[in-house]
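Participant: The structure is given below, and queries will be raised subsequently.
The values are calculated or read from the model by the stated rules, or taken from the named source; none is laboratory data. No experiment lies behind these values; they were computed from the predicted model shown. Note: ideal-geometry Cβ built from the backbone for every residue, glycine included; neighbour counts use all protein chains shown.
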């Protein structure tokens, strides 16, 4: 509650209607601020219909506010449809700056923040999950993810398997609340720690350090690829793995390997 700004209070006081991801939580917010305003639900299950309603209200000249539970609307929360409906209605759209788990977790993580990518929640379905993890394995920027309490241990385990057990990570729980926790270490250690907990509660954000910069070594990569080929590996596979391990161009390495076999 201490993050509530004077501007937010002013906007809520003057809103004709407030749409909220969870009206129970928003009722508590309004009660704490001493306000009484009409509340309408706006969540994933009804946002398509509510967006039409919201647009109609704006077209009539009403002032509409949108609240989500524990983060910024439209950032992995309902809100994109509302914003689009507002623009279509010709309404002015503004934002009330406040806590965002993405930037707050990044700032407190101690990991590089000059360049980062936000990926929301990891996919639940295996195919999409495997595909995204494969992309993230070579991501040169810091990675920010959301995690649910019931899946955080599995997420960390899968991240460790795809990105490397030694990759640095910060797991941030209950940001700006009473039970705030910032856990820092490696992905392997994080996976073990959260798997051993009897229960995990609250909102969680995972911040993973960028892929380490590997000093390119064409000679070592060439030898490794040739050794793998001599042991029966397919040339394309040998070159791919050696190039990744030594930070060299796959095309250049392939040319060196092929040249060596034709001498």
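Participant: Quick check on region 86-95. Is at least one of its residues in contact with a helix residue (DSSP H, G or I) (Cβ under 7 Å, 6 or more places away or on another chain), part of a helix (DSSP H, G or I) and either over 24 Å from residue 121 (Cβ atoms) or not assigned by TED's automatic domain parsing to the domain that holds residue 122 (or both)?
Facilitator: Yes - at least one qualifying residue is present in region 86-95.
Participant: Continuing with this model, one more query. Considering only region 69-92, state which residues are at pLDDT 95 or above and surrounded by 14 or more Cβ atoms within 10 Å (Cβ to Cβ).
Facilitator: 81, 82, 83, 84, 85, 86, 89, 91
Participant: Just to be sure, is residue 110 in contact with a strand residue (DSSP E or B) (Cβ under 9 Å, 6 or more places away or on another chain) and surrounded by fewer than 14 Cβ atoms within 10 Å (Cβ to Cβ)?
Facilitator: It is true that residue 110 is in contact with a strand residue (DSSP E or B) (Cβ under 9 Å, 6 or more places away or on another chain) and surrounded by fewer than 14 Cβ atoms within 10 Å (Cβ to Cβ).
Participant: Evaluate the following for residue 66: is it closer than 24 Å to residue 146 by Cα, surrounded by 15 or more Cβ atoms within 10 Å (Cβ to Cβ), in contact with a strand residue (DSSP E or B) (Cβ under 8 Å, 6 or more places away or on another chain) and in the same structural domain as residue 183 (by TED's automatic domain parsing)?
Facilitator: Values: closer than 24 Å to residue 146 by Cα: yes; surrounded by 15 or more Cβ atoms within 10 Å (Cβ to Cβ): yes; in contact with a strand residue (DSSP E or B) (Cβ under 8 Å, 6 or more places away or on another chain): yes; in the same structural domain as residue 183 (by TED's automatic domain parsing): no.
No: the conditions fail for residue 66.
Participant: Yes or no: residue 52 out of contact with any strand residue (DSSP E or B) (no Cβ under 9 Å at 6 or more places or on another chain) and either in a helix (DSSP H, G or I) or surrounded by 20 or more Cβ atoms within 10 Å (Cβ to Cβ) (or both)?
Facilitator: So residue 52 fits the description; yes.
Participant: When you scan region 218-243, how many residues do you find that are in contact (Cβ under 8 Å) with a residue 24 or more places away in the chain and surrounded by 15 or more Cβ atoms within 10 Å (Cβ to Cβ)?
Facilitator: Keep residues of region 218-243 that are in contact (Cβ under 8 Å) with a residue 24 or more places away in the chain, which gives 218, 220-222, 225-226, 229.
Restricting the remaining residues to those that are surrounded by 15 or more Cβ atoms within 10 Å (Cβ to Cβ) gives 218, 221-222, 225-226, 229.
Here the count works out to 6.
Participant: With the condition kept exactly as written, say whether any residue in region 167-179 is at pLDDT 95 or above and surrounded by fewer than 14 Cβ atoms within 10 Å (Cβ to Cβ).
Facilitator: no
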